Amino acid sequence: MRRFLTLVSLLFLAVPAGISVTGCYRNPGVNYCNGLGYGLKIGDVASITLQPQTTGISLAFGQTQQIATPTAYDCKGSGASVGSWSYGTTNNQLVDLSPSGMICAGTWNRNSGGGIADYTTCNKPNPLPTTGGLPYLVAYITASGNSVTSNPVKVYVHTQVTSIALAGVSQQCYSQTTVASLDAQACYSDGSGNQYQFCAPSTYQPQGTAGISPKYACPLAPGLITAGIMSVPVCSSSLGTLTYAVGNSSVGTIDSDTNVITAVQPGTTNITATIAGSASSAGYFSVCPPQTVTLKTSAGTTSATVTQGVSQTLVSSVEDTAGHAINGLSLAYQSTNPIDISVNGGTINAVHPGVATIYASCQSPACNPSPINELGLYGTGLSTVSNGVTITTQGVTSDFVWFGAPNQSQYFVSIDLLTGTSGSTVKLPYVPNSMIMDKTGNNLYFGSSHGLMVYSTSNNALTSQNNNVPGLLLGVSPNNSYALINDQTRGLLYLYNISSSTSQTFSGMVAAVAWTADSQTMYAVDSASLGAGHSDTLYVYSQNTGWSTDVLPCSVYNAVSCPNPVVGPQNLTATIPGMGAYLSGNPTTARAWCPAGAVGSAANMVLYPLADTQPVQTDVLAATTDGNHILGAAQVSSSNVITLTDLGLTIPTTTVGSVAVPVSCVPGASATAPAAGGVLSALSFTSTKIQTALNPLGSTAINQVVTSPVSNLTFITYSAANTNTGAKLPFYLPATKSAPGTPGSLGAVGYVTLSGSSAVTAPLAGAFTPDNSMFFVSTQGDNLIHFLTIPTGVSIANPPVDTKTLAPALPACSATTDSGCTQPGTGIVPATVITVIPRATT
């Protein structure tokens, strides 16, 4: 022991003076929240948050909902662990909680017996709560763990809400980027089918002793009236926080934290409100539609010359019905000559020399959409079109031309005008009943009783065949997306989707079809005069409203006395721009795209009402590309005379700056667009009628009225008996359109003497070259194609000249060997269909 003490003394003496030893002491305070070594430790549960903190929970009597998992934190704000949770309520007769945190708006079953597990049935509160005479009450729930209790969460317990109506949106449309705060009122049922007011915004409450608010969607409960209570609470205090959703986010967007809706693009969208797990269509929100669309070139003009191969950008300016500018509108563009001058998203592409007028339109559903049951609400769901911009591309081009004779020949043939050589005669799988080339010039479509046949114009090769759509091919949309085929044996219409090779099928018979240039709308007509199974009917297919059918009795022609008999429409033409269509017959009538009827009453609304009536008979119609003339021809059978009708067309316009812009179906136009319950009026076209009889030509039926790409010349083709001789080709030079309401001026009428005219019995079919330099016409009698050169400044003194002929040599079909041959013959038959596309000269 003595030796140990001696050693310790020596060690003490060996440590130099002034040296200390650190880091060798224990400080327990660093593990505690206060740093003093006692109290709550870091990592222990210091607080618990239970959601939703601000909005609370809304439950209808008897509903259940799992409580959100609580979140525990230590004193430093880091997550902390809780071994197990327990839950509490301020009123277990109103809000009951299971051990697992399932909330019951009432009381859970306990000790039910019979093998029924506890906490499986939520019973409604008994007795039902009442606050101010209304069936609702509020309780608070909490979560606890590790001896710490969470914030209280408000639980709204109430009777089931039966309907919710928007109350924060004023009865108007909102201009782009403006906002509105969403609020609502709600109703409930007493269980006997009676609806009573539950809650409403404070602004809906009656003022002073004014009595029950007229803004309430439902009556007050009798008990409230007896008690002299003339108002109801706001919904946030009786139901909790409602959540809202838009049906179409392109129209408006909602901030879920503030329930503020922002106007994005024109249109109407439904608003859905949700409370206590139940969603209700609460109302509609409308963004003001375009009233005018003005289109100009980038240089600010409405006409321009564009060099071939060079693009040109168009600039649109749009003003809504409140006078504010609209940006970013989804416009559809259309060209009257897309094969030469196309337009895509406002960019013009001059592919070949020619002339075209470009329009921009706003059409639902891509632009200014609305639910069909609210069509026209503040002008939403309706269409607007711009002024036209004329584009000229100068130069020289050549053409490819195709010839066919549906029902008479199983062949078609083409010619390359640049080389002057004819292609091989192509035999189709079946005898066609129709032949149409799409407006882009990519495909030739042939209908037949066996199905649809499609050939490429690049090599005359069969690219597809579909035997599921047999019938008469009536039309192909300008954008090459759809074709309408009529199986007249079974009375079926096929709207054929070209890209997917699928079709929508409808019942009906159709004589003729006309598409608007933007491919948004297709008009089709039928006439009872065509025989059994046919009727005087207008069919319209729109990408907005779908299919609509309108029987055409004499009563629709109420602008004039009904002729006896009424001649139903067998032909039609779309107006330019495509705001409607003119239907042939007696009388000749127009339908326009502005619906007529009460807003909110879709079943009673006429979607394409009467827009014009002229007491004249027309068999075939065509519109000039400048939109100024509807030209018609009728065969007077008793004298083999053709009557030519020129309707000088005026579509209502309004002036924006110095530009005349077509009016739309919204306030400020000739049609009004009111709020719900108001009445939409039809848009009216104005036309001046001019008629003349052509020289007797021996005709028996009108085949075509063919207008030139630049609107300065029109040819009329017709059929005649094989014994007719010396047939001539009549042409018409439209005069300048007269002002609305004034007598029009008749243009000049002339006749082309065709080469070898003594052998020509009728000019059957014709087609212009897209650059307006030539006209091809097929003739009966000599079975040739005549090439007519159209001089610059064409006139009666300087008429078209027959400069060349070609023999397409289409073999006649045989009824015994060729299926689908309805007009059999022998030898060679004349072409009855001609189609043309331009081609580069190099």
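The values are calculated or read from the model by the stated rules, or taken from the named source; none is laboratory data. These figures come from a predicted structure and were not determined experimentally. Backbone-built Cβ (ideal geometry, glycine too); neighbour counts: all protein chains shown.
Observations on the structure shown:
- Checking T440 against (1) surrounded by 17 or more Cβ atoms within 10 Å (Cβ to Cβ); (2) in contact (Cβ under 8 Å) with a residue 60 or more places away in the chain, the condition it does not meet: (1)
- For the stretch 369-378, the condition holds for at least one residue, the condition being that it is touching a residue at least 24 places away in the same chain (Cβ under 8 Å), surrounded by fewer than 24 Cβ atoms within 10 Å (Cβ to Cβ) and of a type in the set (V, I, T).
- Exactly one residue among T789, T832, T822 is crowded, with 21+ Cβ neighbours inside 10 Å, in contact (Cβ under 8 Å) with a residue 12 or more places away in the chain and of a type outside the set (A, V, I, L, M), and that residue is T832.
Let's see how each residue does on (1) on the phi > 0 side of the Ramachandran plot; (2) surrounded by 18 or more Cβ atoms within 10 Å (Cβ to Cβ); (3) within 37 Å of the chain's Cα centre (by Cα):
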residue	(1), (2), (3)
Y140	no, no, no
T149	no, no, no
V155	no, yes, no
I164	no, yes, yes
V179	no, no, yes
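- Scanning the stretch 201-222 for residues that are in a helix (DSSP H, G or I) and loosely packed, with under 14 Cβ neighbours inside 10 Å yields a total of 3.
- Test result for A765, out of contact with any His (no Cβ under 7 Å at 6 or more places or on another chain) and at pLDDT below 95: no
- Given (1) β-branched (V, I, T); (2) under 23 Å from G578 (Cβ atoms); (3) at pLDDT below 95, index of the condition T307 fails: (2)
- Some residue of the stretch 632-649 being more than 25 Å from A721 (Cβ to Cβ) and in a loop (DSSP other than H, G, I, E, B): no
- For the residues A511, A483, the requirement of being surrounded by 22 or more Cβ atoms within 10 Å (Cβ to Cβ), of a type in the set (G, A, S) and touching a helix residue (DSSP H, G or I) at 6+ places or on another chain (Cβ under 7 Å) singles out A511.
- Screening T274, T226 for residues that are of a type outside the set (A, V, I, L, M, F, W, C) and in contact with a strand residue (DSSP E or B) (Cβ under 8 Å, 6 or more places away or on another chain) leaves exactly one candidate, T274.
- Restricting attention to the stretch 407-450, the residues that are assigned to a loop (DSSP other than H, G, I, E, B), over 35 Å from the mean Cα position of the chain (by Cα) and at pLDDT 95 or above total 8.
- Taking the stretch 52-115 and the strands (runs of 3 or more DSSP E) fully enclosed by it, the elements with 1 or more residues that are polar (S, T, N, Q) and over 51 Å from the mean Cα position of the chain (by Cα) are at 86-89.
- The residues on offer are S281, S364, S330, S316, and the sole one that is among the small types (G, A, S), outside any loop (DSSP other than H, G, I, E, B) and more than 30 Å from G240 (Cβ to Cβ) is S316.
- Filter pass, D782 being charged (D, E, K, R), within 21 Å of W402 (Cα to Cα) and assigned to a loop (DSSP other than H, G, I, E, B): yes
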